[in-house]
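Structure record follows, encoded as structure tokens.
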Amino acid sequence: MERFTNRMWPQGNPSFSETIHSYAKQVVELDQLLRKMILKSMGVEKYYDEHIESNFYRFRVARYTIPDQPDELNETKMGCRAHTDMNLVTMLSENQVQGFQKMAA
């Protein structure tokens, strides 16, 4: 996040950085709770500690473009294209953005 913050605000923005770190910490706590619930529902909660220890967290700030829309409806051509997340849990904060669409498997 520090690289992103420095790119957006070369003069620095400690408030943004602190907010993102606080938010990311809360997301990790929620993720761990969800994983514990998932493993328990599968009857394999004894593997929770091993699973959490092998886990790697990545926090991204991303923008999704509006799919199948002319470029003029998107503020910019930049953004995440259609993709598949291959992890067990993905958390998104939509923030009233029109670009995100969940596709059925």
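The values are calculated or read from the model by the stated rules, or taken from the named source; none is laboratory data. From a predicted model like this one, the values you see are computed outputs, not experimental measurements. Note: ideal-geometry Cβ built from the backbone for every residue, glycine included; neighbour counts use all protein chains shown.
What number of residues in the stretch 20-41 are under 17 Å from LEU88 (Cα atoms) and either aliphatic (A, V, I, L, M) or more than 16 Å from the chain's Cα centre (by Cα) (or both)?
Here the count works out to 11.
Selection of the stretch 53-85 for residues being closer than 18 Å to ALA24 by Cα and either hydrophobic (A, V, I, L, M, F, W, C) or at pLDDT below 65 (or both) yields PHE56, PHE59, VAL61, ALA62. Residue count for the stretch 1-50, restricted to those that are surrounded by 10 or more Cβ atoms within 10 Å (Cβ to Cβ) and outside any helix (DSSP H, G or I): 5. So is ASP49 out of contact with any Leu (no Cβ under 6 Å at 6 or more places or on another chain) and modelled with pLDDT under 85 or not? In short, no.
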